[in-house]
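As structure tokens, the structure follows; a few thoughts come after it.
Here, each number is a calculation from the coordinates, and none is a lab measurement. Everything numeric here is computed off the predicted structure, so don't read it as measured data. Glycine gets a Cβ as well: all are built from the backbone with ideal geometry, and neighbour counts include every protein chain shown.
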Amino acid sequence: MQQPKRTDRHPPEDQESPVSFPEQRPRRLRRSPAMRRLVAETRLHPANLILPVFVREGLTEPAPISSMPGVVQHSEASLLRAAEEARDLGLGGIVLFGIPATRDATGSAGLDPDGILNRSIRAVKERVGDDLVVMSDLCLDEFTDHGHCGVIDEAGEVDNDATLEIYAEMGIVQAAAGADVVAPSGMMDGQVAVIRQALDEAGHQHVPILAYAAKYASGFYGPFREAVDSQLSGDRKQYQMDAPNRTEALREVELDLAEGADMVMVKPASAYLDILSDVASISDVPVSAYQVSGEYAMIEAAAANGWINRRTVITESLIAIRRAGATNVLTYYAAEVAGWLRADMAGAAASVSGPVSVAAPAQAPITPHTTSAAAAPTDAEPNAAEPRTGTGPTDEPRTDAGFPPVS
Ligand code: PBG
């Protein structure tokens, strides 16, 4: 790093000053929203966002999830509307999680072609066609009465290889239902290879596998357990990764790549950005990161208390995940943020073509985002116009997650 030096002009040569002035002024590139936009190294786009959605058998109305305010368990009808919205917003995709009415020791509802998950895949694909990538969670935990991601052996442990046989079948059933991508999340050794082989033999060579490659046993999954009405008691530490381990994540990723993973995932996201960065640096396939239920819940709780600016923190959290190396992010905020992005783009276009745009830059007034949202186009995602929570004193302009422009 260069030492700050006196410049020729400032202060004048003939004055003695104890202060030295910098030759390098990085602040030049930060002075206005337009300048910051020009030099931003990381961007968000709707296609970077993947929305996880829950569909629960037997619901006639969407049911709220108390630990995830704003997220619901969908009915089969409301799921279709959510999928259409995701398509209209141009999201990267959706991931379906099914919650069956009945469970058993082997998770057989997950293998039933007419079970809640598989029939929902079919219904969603019929509705959105090829205009939206529809992914399916390939795991047993939603379907087992013990809540584990695999079947249990006589010793009471999750039986890796017996589970693989079920995953293979599950992959075929999901692909047959129309899943564009299958996403095995159970962290069984060898799961990618077995699913790949099964898909290929069943004629589904074209269906990619998004491997939950480095998935950690995490307290951040807490609210998800409510979301899927999990039956789990205990933990998943015998199969999901251990938080202290970093090098091991590379081993998991390399194994999944060798087994034929088309995309790999790191999960959770925010507390594992080092892992994400490492994985992105070795992966030659797209890397996803999952901003999980607990990450969502923490932002919502703090925002609801007025302790953080909701929109700023959501945007910053997603940018951080992308900056660390994620090609795309699974996030419960996907639809809402895509709505913001679309409104911002439409607003920028309007300000370029509008008569007073030169004199009145869109970002100049420091207004709460409710106010500037009034200018949002009517086709914006409905939630985007109105913040659900957290309109506290720290509200900032909509399109810039940083600071007000220099006046
Ligand atoms: C397992 C699965 C889990 C999540 C996604 N898939 C739960 C777990 O592994 O315990 C968690 C997602 C979240 O917390 O948002 N099928």
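Neighbours of HIS45, meaning other residues whose beta-carbon lies under 13 angstrom from its beta-carbon, give a summed charge of +2 when Lys and Arg score +1 and Asp and Glu score -1.
Can you give me the long-range amide H partners of MET241? Hydrogens built in the peptide plane at 1.01 Å from N, cutoff under 5 Å, separation of 5 or more residues or another chain. So MET241 has HN proximity to LYS215, TYR216, ALA217.
The Cβ shell under 10 Å around ALA249 holds other residues with a net charge of -2, Lys and Arg each +1, Asp and Glu each -1. To the nearest 0.05, how large is the calculated FRET efficiency for ALA101 and VAL352 if R₀ is 41 Å and r is the Cβ-Cβ distance? It comes to 0.20. What whole-number distance in Å separates the alpha-carbon centres of region 47-111 and region 274-311? Result: 20 Å between the Cα centres. Using C-alpha pairs under 8 Å with a sequence gap of at least 6, the mean separation divided by the residue count of region 209-296 gives a relative contact order of 42 percent.
Applying the Karplus relation 6.51 cos²θ - 1.76 cosθ + 1.60 with θ = phi - 60° to region 35-48 yields 3J(HN,Hα) values of 5, 5, 5, 4, 9, 4, 8, 9, 10, 10, 9, x, 5, 7 Hz, where x marks Gly and Pro.
Using a Förster distance of 45 angstrom, determine the FRET efficiency expected from the C-beta separation of ILE152 and ALA40, and round it to 0.05. Result of the calculation: an efficiency of 0.35. Please state the shape class of region 261-326: rounded when a/c is under 1.5, otherwise prolate if a/b exceeds b/c and oblate if not, all from the C-alpha gyration tensor. Prolate. Stretching the chain fully between ALA47 and GLN205 yields a gain of 54.5 nm (0.36 nm per residue, less the alpha carbon separation).
The modelled label-to-label distance between MET345 and SER32, using points 7 Å beyond Cα along the C-beta direction, is 2.3 nm. Do any trypsin sites (Lys or Arg not before Pro) in region 226-328 lie in a DSSP loop with no more than 13 other beta carbon atoms within 10 Å, and if so, which? Counting only loop positions with at most 13 other Cβ atoms within 10 Å, the trypsin sites (Lys or Arg not before Pro) in region 226-328 are LYS237, ARG246. Here the Karplus relation 6.51 cos²θ - 1.76 cosθ + 1.60, evaluated at θ = phi - 60°, turns the backbone of region 153-162 into coupling constants of 8, 4, 7, x, 9, 6, 8, 4, 6, 5 Hz, with x for every Gly and Pro. By its C-alpha gyration tensor, with a ≥ b ≥ c as the square roots of the eigenvalues, how is region 143-198 shaped: rounded for a/c under 1.5, else prolate for a/b larger than b/c, else oblate? Prolate shape, in that a/c is at least 1.5 and a/b is the bigger ratio. Rounded to the nearest Hz, the phi-derived 3J(HN,Hα) couplings of region 63-75 under the Karplus curve 6.51 cos²θ - 1.76 cosθ + 1.60 (θ = phi - 60°) are 10, x, 10, 5, 7, 10, x, x, 9, 10, 8, 7, 7, where x marks glycine and proline. Under a 5 Å amide H cut-off, with hydrogens placed 1.01 Å from N, ILE152 pairs with ASP159 among residues at least 5 apart or on other chains.
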